[in-house]
Amino acid sequence: MDIDWKRLIELRERHEKTAQQRVAQQRDAVQGRQQQADAAQQQWQQQVHSRSAHWQGTTSAMAGGSFNAGQLRDAAAGSRALDVQIQRAGQQVNQTQQALAQSHGELEAQRGQLRAVSGELRRAQQMLQRARAAAQRLEARRQEAEADELATRKWQRRGG
């Protein structure tokens, strides 16, 4: 069976190019997920800071002596609302970090496929080089045999 190494190499090159495109797309997806995770983290930190600022204001008002039980109740209700927002923001952080981790895993899988495809391409290129070298050796032997045959005929014609 004779293998068309050039066609196989062209096929492997197309596979490699496709794999490279997939890696680039997945890398872009990871960057997008990273931006989402960063934004979620910033949102969570902002919510925590808001709650801290809320209680600092409440503490300052209490220290000034112009604070009653109703205001304390309102401050506690506001703090509970902020706690809910912090919890939601924390859940968003967890979700975006999980999605980011999954995207990293997918990127590594795509890189692994690219390495495999690149290896197949290199092997096909090596086999083409070997086939060419073998064909050159065969042609050299054929030419050498023809030269020997020609020399033998000339020798025989001279009466050798």
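What the table below lists for this structure:
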read-out: Residue match in region 91-103 (condition: among the aliphatic types (A, V, I, L, M) and free of Cβ contacts under 8 Å to residues at least 40 places away in the same chain); value: yes
read-out: Answer from 141, 132, 123 - the residue that is farther than 30 Å from residue 14 by Cα, assigned to a helix (DSSP H, G or I) and out of contact with any Ser or Thr (no Cβ under 7 Å at 6 or more places or on another chain); value: 141
read-out: Filter result (surrounded by 15 or more Cβ atoms within 10 Å (Cβ to Cβ), over 25 Å from the mean Cα position of the chain (by Cα) and over 17 Å from residue 2 (Cβ atoms)) within region 114-138; value: 125
read-out: Members of region 24-56 that are closer than 16 Å to residue 110 by Cβ and either among the charged types (D, E, K, R) or in contact with a helix residue (DSSP H, G or I) (Cβ under 7 Å, 6 or more places away or on another chain) (or both); value: 26, 27, 28, 29, 30, 33
read-out: Options 37, 53, 75; residue that is of a type in the set (A, V, I, L, M, F, W, C), in a helix (DSSP H, G or I) and at pLDDT 95 or above; value: 37
read-out: Close pairs from region 1-27: first more than 18 Å from residue 125 (Cβ to Cβ), partner in a helix (DSSP H, G or I) and of a type in the set (Asp, Glu), Cβ under 7 Å, at least 6 apart; value: 26/106
read-out: Given (1) more than 30 Å from residue 135 (Cα to Cα); (2) not in a helix (DSSP H, G or I), number of the condition residue 3 does not satisfy; value: (1)
read-out: Residues being surrounded by 12 or more Cβ atoms within 10 Å (Cβ to Cβ), within 20 Å of residue 42 (Cα to Cα) and of a type in the set (Val, Ile, Thr) - total across region 56-113; value: 3
read-out: Number of the exception - residue 21 against (1) touching a helix residue (DSSP H, G or I) at 6+ places or on another chain (Cβ under 6 Å); (2) under 26 Å from residue 102 (Cα atoms); value: (1)
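The values are calculated or read from the model by the stated rules, or taken from the named source; none is laboratory data. This structure is a prediction, so every number in the text was calculated from the model and none was measured. Reconstructed Cβ throughout: ideal geometry from the backbone, glycine too, with neighbour counts over all protein chains shown.
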